[in-house]
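Single-structure report; data block below.
The values are calculated or read from the model by the stated rules, or taken from the named source; none is laboratory data. Being a predicted model, the structure only gives us computed values, none of them experimental. Here the Cβ positions follow ideal geometry from the backbone for every residue, glycine too, while neighbour counts run over all protein chains shown.
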Amino acid sequence: MAVCLAVLSSCAALGACGGSPVAPAGAPPLLTGYVYKVMLPGAGEPPIADVLITVTDDDGAESSARTDDAGFYSVRAAVGAVVVTASKDGYKTREARFEVSDSTVLNFSLRPSAE
């Protein structure tokens, strides 16, 4: 019981330090962003949940994530040339090509495919 309390106390003390997790040395850069429905007059930019974000590097390796209810995503990407695709049923797929050298913010706006 004393060991369990000591472990819990240590965990609580570490959490109270205010530090955030740090990616391990050599971890690939992080791509983050939001996906919105294309802006329409008077409608603003509503976020789109459950959009599939796929990152493909020059070697064909893929990593992917889905947007949350706020339209936010976070996915690791290799350094170098990548293609990032945002897709969801009912919307036109968008694609961005660029060189990744560090963590990057990349937002997308998607247009309903019926338009």
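Please specify each residue of the stretch 51-102 satisfying the condition of being within 18 Å of S113 (Cβ to Cβ) and among the charged types (D, E, K, R).
Across the stretch 51-102, the qualifying residues are K88, D89, K92, R94, E95.
Among the residues of the stretch 62-85, count how many are of a type in the set (V, I, T) and more than 18 Å from Y34 (Cβ to Cβ).
Within the stretch 62-85, the first condition is being of a type in the set (V, I, T), and the residues that meet it are 67, 75, 79, 82-85.
With more than 18 Å from Y34 (Cβ to Cβ) added as a condition, the list becomes 79, 82-83.
Of the residues in that region, 3 qualify.
Among the residues in the stretch 66-88, are any over 27 Å from A27 (Cα atoms) and either in a strand (DSSP E or B) or touching a strand residue (DSSP E or B) at 6+ places or on another chain (Cβ under 7 Å) (or both)?
Yes, the stretch 66-88 contains at least one residue that is over 27 Å from A27 (Cα atoms) and either in a strand (DSSP E or B) or touching a strand residue (DSSP E or B) at 6+ places or on another chain (Cβ under 7 Å) (or both).
Of all the residues that make up the stretch 72-81, how many are modelled with pLDDT under 95 and either buried (at least 16 other Cβ atoms within 10 Å of the Cβ) or of a type in the set (D, E) (or both)?
2
Restricted to the stretch 97-115, and to residues that are over 14 Å from the mean Cα position of the chain (by Cα), surrounded by fewer than 15 Cβ atoms within 10 Å (Cβ to Cβ) and hydrophobic (A, V, I, L, M, F, W, C), which residue is nearest to R66 (Cα to Cα)?
F98
Among the listed residues D57, D50, D68, D89, identify the single one that is without any contact (Cβ under 8 Å) to a residue 40 or more places away in the chain and surrounded by fewer than 12 Cβ atoms within 10 Å (Cβ to Cβ). Write out each step before concluding.
Working: D57 fails: surrounded by fewer than 12 Cβ atoms within 10 Å (Cβ to Cβ); D50 fails: surrounded by fewer than 12 Cβ atoms within 10 Å (Cβ to Cβ); D68 fails: surrounded by fewer than 12 Cβ atoms within 10 Å (Cβ to Cβ).
Being without any contact (Cβ under 8 Å) to a residue 40 or more places away in the chain and surrounded by fewer than 12 Cβ atoms within 10 Å (Cβ to Cβ) holds for just one of D57, D50, D68, D89, which is D89.
Within the stretch 89-115, can you find the residues that are over 18 Å from D50 (Cα atoms), part of a loop (DSSP other than H, G, I, E, B) and in contact with a Phe, Trp or Tyr (Cβ under 8 Å, 6 or more places away or on another chain)?
none
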